[in-house]
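None of the figures in this text is laboratory data; all of them are computed from the coordinates on show. Fair warning: this is a prediction, and the values are worked out from it, not measured in the lab. Positions of Cβ are generated from backbone atoms using ideal geometry, with glycine treated the same way; all protein chains shown enter the neighbour counts.
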Amino acid sequence: MLTFNPKQFETIDTKRSLQQWAKRLAVSKSFCIDSETTGLDVFMDELVGVALAVEEKGRVDAGYIPVAHHSGRNLPVADVLSALAPSCSNPRIGKVLHNALYDMAIFKQKRQRLDLFNVHDPMFMAYALHGHTLPSLGMDYLAKEFLDWETIKFKDVVLNRPGRTDFRDVPTNEATDYAAEDTAVTFVLAKVFQQQLRDEGLWGVYIEDRKLIPVLHHIQMAGAKIDVAHLNALAAEWAGVQKDIQARADRIAGRPVSLSSSKQCMEYLEERGVAIPINFKTRQPSLDKDCRPLLPSSPWVDCLNEFADLKTLLSTFAVGLPKKVHPITDAVHTYFNFTQTKTGRGSSSGPNLQNIPTRTKEGKQIREAFIADRGETLIGADYSQIELRVLAHIAEIPQLRQAFHDGVDIHAATASEMFGVPVEGMPSDTRARAKAINFGIVYGISEFGLARQLKIDVDEAAEYIDTYYGRFPGILDYMEESKEFARKNGYVETLFGRRVYTEGIRSSDGKRRGRAERLAANARIQGTAADLMRMAMVNVHAKIEANPVWGAKMFLTVHDELLTRAKKKYAPQVQAMKEHEMIHAADHLVDWRVPIIVEGKLGSTWRETK
C-alpha cells in the first residue's frame, strides 16, 4: 500500500514551488486535488486554498497552496489557477477528489473557472464495493476503517478554536497539516479501493457509476426554477385547510386535541383504548409517518393523517422551497445522492424533491411551481412501469411478457388473470387491487403491508398474494432463487453486476431475516431499474454536451423520471433524443425480452410534463 509522511507535507507559497508542483502534476498519471473554502455555499463562498497530492516512487507527496489566509504568505489565486489549469483539464490525467461534486462546483465558479475532467471519487468506489452497508462515506470514517488512520478533524482546526470563524483564520502551517493530509488520505484510499474493485470483479460497476459524476455536477449547477408566488398562494390555502381539518377533528373528539401535538394525540388515542405503534428504529411509541398506518381506521385518525401529511408538504415545499431559492442563480439547487440507497436509486436532499407525492392533488399543485425559464420549455420523460418490465424480463413470466408486448393495461391484465374477470368493463377497484399487488410484489410487500394499503384484513391480503403466486409461478421461483443466492453470498446482483447486500439474511431473528429476504427478492428489480436510469442520464448528458445549440440542461431526476429544459425551438428534438436514449441506454449490455417504454411531454411547468 502507498504511504505518506505528514512531516514532509509542503506549504506551497512561492512561485517557484508552485511551478515545480505544476510540472509534477503535468507528468503524473493521476493526482488528488481539494479545495478549502470559507463555507459550504459553492456559489457564494470564497476559495481559501488548494491542496494537492501526487504519487512518486511508491509514496504520496502532498502540499497546500494558501491563497486567502489572514496570516502567513498567500499566492495570488489567479496565478495558482493558471498553473493548475492545464493538468486539471487534461483528460489523460486522472483527478481524485473525495465528494467530487462539491469541489467541482467550487472550481467551476466564474471567479475560478477551473474545469476538472477524468474524475475519480472514493465515495463512489466505496459504494460500488460496499453498497449501503457502511455507516458513512465520509473521508474521516473511510480513513479509519480502511487505512487505520485517524485524520485531523475540521472541528480541531476551526470549530473548536476560539477566534476562528472559517478556514481563513487558520495559520498556513496548520492549514497545510490538515488540508494536505486530506489529499494524501484520499489518494491512498482511491488506490486501495481500486485494487479491491478489481479483485472483487466490480471495477466495471464503478466505471459506469463514475460516469455520473460530471452529469450530477451539471444537474446540480443548473438548478430548478420555481414560481414563488404560486407557492406562497399554496401556503395560504393549505394553512386554511389545516384549520378546517383541526376543526373537524375537534368536533369528532368532542374537545380540542391539537393535531400538531404528538403528546395530545397520543393521550387522546390512549383514552380511547388505542395502542400507540412502536417506532422500529427508536423502539418508542410514535405517530410518525411510518407508524400512523398501523393505527386502526377511524374518522379522527383520518383527520390526523390528513393534517400530518399536509403539514409536511406545507413546511417542506409551500413554505420551505421559496427559502431555498439561491440569490445568485434564482434557482433551487438540490444535492443528488447516488451513493446512499440500498438499490442504487438516486435520492436528493436540501431540499428533498423526491418526496413530492406523485398522484395527489397537493403533489400536482407543487409540481405546478416548477417552471420553465424565459424562452425555454420543460421536457419530461418517465420510464413506464419499468420495475414490472424488469421483473417480467428477469423472472421469465409469459403472461406479463405477452401483456407488455401486446401493449395492454398491465394492471387490468393482472386483475383478469387473478380474479377471472374480463378486462373490458372491469371495475376500477378490481384494477386498483391488482395494481397494489403488482407493485407490492416488486417492493417485497408482506401480507400485513398489503392489508394496510388495501384496507382489508391480513387473511384476505395473504390470499391475494397466494393467488398472485399461483397465477404467476415464475415470480415465486424467481424470489426463492434470489433468497437462496443471497443466503449463500450475502448479496444479490442487478442485471448489470451491482451488488445489493442483504444483511441479516441468515439471522435467527425472524423479523430481521424477513426484511432481508424481501430485499433480496426486490433489489434485483429495483437495482436494475436504477442502473438503467443511471446509464440513461449519462447518455442524455453526452448528447446535450454534443449539441450546445439546444440550450438544454437536465435539472431534476426523480426515481424513473428525468426532467430537462431547452430552448423552445429545439424542445421537440430534445424530447425525441431523451426518449431514444432512455429506451436504449442498456441495449449494449442486455437483450430485453419486453419493450422498454418512455413517456414524455412538453410543458411550461413540471405538472404539464406528466
### Query
Short version: ³J(HN,Hα) in whole Hz for each residue of region 561-567, in order, from phi by Karplus 6.51 cos²θ - 1.76 cosθ + 1.60 (θ = phi - 60°), x for Gly and Pro, what are they?
10, 10, 10, 9, 10, 7, 4
### Query
Quick one: if you take sqrt(5λ) for each eigenvalue of the C-alpha gyration tensor of region 1-76, what semi-axes come out, biggest first, whole angstrom?
23, 14, 12
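From the mean inverse distance of alpha carbon pairs (Kirkwood) and the Cα radius of gyration, derive Rg over Rh for region 156-257.
Numbers: Rg = 26.5 Å, Rh = 20.5 Å.
Expressed as Rg/Rh, it is 1.29.
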### Task
May I ask which of Lys324/Lys364; Lys311/Lys601; Lys108/Lys601 have a Cα-Cα span longer than 26 Å here?
Lys311/Lys601; Lys108/Lys601
### Message
Cross-link candidates for Lys323: which aspartates and glutamates have Cα within less than 17 Å, leaving aside residues fewer than 8 places away along the same chain?
### Response
Asp41, Asp227
### Summary
Listed by chain and number, the lysines with an alpha carbon less than 17 angstrom from that of Lys23, same-chain partners under 8 positions apart left out, are Lys15, Lys57, Lys95
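Using Cα pairs closer than 8 Å and at least 6 residues apart in sequence, work out the relative contact order for the chain, in percent. Could the numbers behind the result be given before it?
Details: 1002 pairs, mean separation 84.0, N = 610.
Relative contact order for the chain comes out at 14 percent.
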### Query
Dividing the Cα convex hull volume of region 390-495 by residue count, how many Å³ per residue is that?
101
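Taking Cα atoms of region 41-97, Rg/Rh with Kirkwood Rh, to two decimals? Present the calculation step by step, with values, prior to reporting the outcome.
Values: Rg = 13.3 Å, Rh = 13.2 Å.
When Rh is taken as the Kirkwood radius, the ratio is 1.01.
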### Query
Mind listing P(r) for region 184-319? All alpha-carbon pairs, 5 Å bins, whole percents.
2, 8, 13, 12, 10, 8, 7, 8, 9, 8, 8, 4, 2, 0
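State, to one decimal in nm², a quarter of the convex hull surface area for the C-alpha atoms of region 6-210, i.e. the direction-averaged projected area.
Values: hull surface 45.5 nm².
Dividing the Cα hull surface by four gives the mean projection, 11.4 nm².
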### Message
Starting from the Kirkwood Rh over alpha-carbon pairs, what translational D in µm² s⁻¹ does region 314-449 have by Stokes-Einstein at 10 °C and 1.306 mPa s?
### Response
87
### Query
Direction-averaged shadow area of the convex hull around the Cα atoms of the chain, nm²?
31.0
### Summary
Burial-style ranking of 222-230, 508-516, 115-123, average other-beta-carbon count within 10 Å with highest first, yields 115-123, 222-230, 508-516
## Note on the structure
In whole Hz, the Karplus estimates of ³J(HN,Hα) for region 323-331 (6.51, -1.76, 1.60; θ = phi - 60°; x where Gly or Pro) are 6, 8, 5, 7, x, 7, 9, 6, 9
### Task
Averaging over all projection directions, find the projected area of the Cα convex hull of region 349-404 and quote it in nm² with one decimal place.
6.5
